Amino acid sequence: MKLHTHDEGAPCRNMENLLQGVADGSVRGVKKAYALWHASQCHHCGNFLIRLRLTLDALRSSRERETSAESMERLKSKIRELSPH
Ligand SMILES: [Zn+2]
């Protein structure tokens, strides 16, 4: 196997889309297994996958926080409507 000459942390060019698909759940089955195997062997792709997952997790949890804050507001206004004045 040839040594990677990318910048620090850059994944293999032909793996980037596949790894993104794995991280967001759109790539499954054999392709996913292949990408994960490659990421476990390749330092650059492994780091890239970890960063992708962290980013997606952060996005997802911030979205959840927003959603729950919104639903709390809605719940509070419902309670205000229901409670006698
Ligand atoms: Zn790689």
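Results, tabulated for the structure shown:
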| quantity | calculated |
| --- | --- |
| Separation of alpha-carbon centers, the range 63-85 and the range 17-35, rounded to whole Å | 38 Å |
| Rg(Cα)/(2.2 N^0.38 Å) for the range 13-82, N = residue count | 1.67 |
| Förster-model FRET efficiency, 25 Å R0, residue 50 and residue 30, C-beta, rounded to 0.05 | 0.70 |
| Fully extended contour minus Cα-Cα distance, from residue 37 to residue 68, at 0.36 nm per residue | 7.5 nm |
| Relative contact order %, the chain, counting alpha carbon pairs below 8 Å whose residues are six or more apart | 27 percent |
| Stretch gain in nm, segment residue 77-residue 58, where the contour uses 0.36 nm per residue and the Cα spacing is subtracted | 4.0 nm |
| Longest DSSP-loop-exposure-free segment, trypsin sites (Lys or Arg not before Pro), the chain, at most 10 other Cβ within 10 Å | 29-85 |
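Every number here is computed from the coordinates shown, using simple stated rules; none is lab data. Keep in mind it's a predicted model, so treat the numbers as computed, not measured. Please note: Cβ atoms are built from the backbone with ideal geometry, for glycine as well, and neighbour counts cover all protein chains shown.
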